[in-house]
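Written below as structure tokens is the structure these notes are about.
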Amino acid sequence: MKRIITFFVALAVCVSVFARGNDKVLFGGEMHNSNSTTPESLESSFLLARVLGFNAVLAAVPWDIVEPEEGTFNFGIVDNIIASAKKNNLLVGILWFGSYKNGESSYAPLWVKRDTRKYFRCADSEGKASTTISPFCTAAQKADAVAFSRLMAYIRDNDQERRICVVQVENEVGAFMERDMCPAAMKAWERCKWSKSSDMLAPQHFMAEAFAGYVDAVAEAGKKEYDIPMFANAWLKVADAPYGSYPNGGPRIAVLDTWKARVKHLDWLSPDIYDPGFAELCDPYSQGQPLFIPETRREIGRYYYAFGEKRAKGVFSFGFEESYDDPYYSVECRTFSEILPFLDADLPSRGFFREPGVVAPGDSLNLSLGGYTFCIHYIEGEKNAHGIIIQTDKDEFVVAGVGAWIDFSSIPGEECKIAVCEELTEGRVSQILNGDETGHHNMLYLRGRLHLDNYTAPDGVVNPAPDYGLSYQRRFWSSAHERFKTSGIYRVKLYSYPSR
């Protein structure tokens, strides 16, 4: 009976956390790998996450820590994560560092690493073993599955507030070779369809099927204990990258369909996006499944695009602790947290991001929403340019961002203008913009927020910093681009009237 009650509680939480209409999207950062290993380092990361405005963090749980000796488990690290999440009012995604982490098996327990006969490794064409456990090693897969199932059972029984809401099974699986050629892998190759295929990617599909099967078996064991959302992530292959420079066999774009056909117990597959071309790399992972990005660069524009344009379930910048003293990153994160209630409400949205080196500084694009066309003009000279448009009512939109200006159109033969434009700060109206600030109601200038300090004059008098922004003409002034400013949030109401 207890197991049945627990199942339905978990199911309700799962629906609550990932039904995009009544719950939270996950906005946050992935902790550095070792920061979850002690209460002190864990709390320092969680506290920073809360101050930055995150509502979630991803934290590692390594296999070698929870099962240092075979059959002996210690889940103190999980207790610490749950306690710190509760203290800082955060949701948590667990990263299971089991057999694989970045194409290596460095987080497997010592009793697994030492026994290379039972827990054998991938091998090259000369029979030389690597440091990566072979996906054809059923003994390792079963041992990993046992540990993972015990972990999930512990979370089920001890996470009373259901702070842990999602789990990544392994991390960037694969091997740094074209094809595993250990004896077990060679037998599997001889029997499989890929050995007879003329497809140049046949070895990659072979490896993808093997690693997908391994990961799915581990996920299945965990799901039997506690059925919350689970996923696997991919180290993406840079164009023309040779074998050996990335772990082959993970759910990369080229073999994504192979992974989807093989896994039955994962809820989605995720990309770790560090390479240029962020928008393009999001596309395959947002088709037929939710977009969830566990690792990406600490570039705020990526959040705006993924949540606004791709309606992502979660986006996390890796190693956010490194940017604790980056004023731009920290203020931008806190600003983005102010628009989370609009994202949680599942309102129609669009997003844009001028990625450096990918989108030209002076480019423009048109986005349609709510019967209007928003023409986004990126401002030359601005270092950062990104934004999100959220429809909050008929003819009403919340727009957040910086580094661009927007004009509007509706149906042909009508003029479109701003009826009301309000600047929002922490949910309140801080200014009503008109005149020069809106080009006389013709456009919205994402002038952003200026961060000003009091000024001490030569005579010792302190001039208090005023509350003001940059008017729309300043988009042409180089001096305006050099100001320290971050994203602003604006609520605009539009109207149209016949042009004749």
Just tell me which lysines come within less than 18 Å, Cα to Cα, of K493; anything on the same chain fewer than 8 places away is out. K394, K417
Bin width 5 Å, alpha-carbon pairs only: give the P(r) of the stretch 355-497 as whole percents, running from 0 to the bin holding the largest distance. 2, 9, 19, 22, 19, 13, 8, 4, 2, 1, 1, 0
What percent of all Cα-Cα pairs in the stretch 290-429 falls in each 10 Å bin, counting up from 0? 11, 40, 37, 10, 1, 0
Report the calculated FRET efficiency for E422 and R117 (r = Cβ-Cβ distance, R0 = 51 Å), to the nearest 0.05. 0.15
If you count, for each residue, the other Cβ atoms within 10 Å and average over each peptide, how do 472-481, 145-154 line up from highest to lowest? 145-154, 472-481
Note to self: Kirkwood Rh of the stretch 78-205, Cα pairs, one decimal, Å, is 16.6
With a 21 Å threshold on alpha-carbon distance, the violating pairs from K383/K485; K224/K264; K313/K383; K87/K310; K310/K485 are K313/K383; K87/K310; K310/K485
Find the centroid of the Cα atoms in the stretch 359-385 and in the stretch 206-271, then give the distance between the two in whole Å. 35
Ranking Y243, A279, A261 by how far each Cα lies towards the positive end of the charge dipole of the stretch 168-294 (+1 on Lys and Arg Cβ, -1 on Asp and Glu Cβ), the top one is A261
Hey, which aspartates and glutamates would be in cross-link range of K196, C-alpha to C-alpha under 16 Å, not counting anything within fewer than 8 residues on its own chain? E209
Where the only charges are on Cβ atoms (+1 Lys, Arg; -1 Asp, Glu), what is the dipole of the chain about its Cα centre, to the nearest 20 debye? 1240
Spin-label pair V238/N434, simplified geometry with 7 Å Cα→Cβ offset, distance in nm: 5.4
Measure off 7 Å from each Cα along the Cα-to-Cβ vector at N442 and A457, then give the distance between these two points in nanometres to one decimal. 3.8
Say R0 is 25 Å: what FRET efficiency, to the nearest 0.05, do S195 and K260 get from their beta-carbon distance? 0.70
Those helices of the chain passing the 20 Å axial Cα length cut-off and the mean Kyte-Doolittle cut-off of 0.5 (DSSP H runs only) are 2-18
Given H placed 1.01 Å from N in the peptide plane, which residues other than close sequence neighbours of V420 have an amide H under 5 Å from its amide H? K493
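Where a number appears in this text, it was derived from the coordinates with a stated rule and is not lab data. The structure displayed is predicted, hence computed values, not measured ones. Positions of Cβ are backbone-derived with ideal geometry, glycine not excepted, and every protein chain shown enters the neighbour counts.
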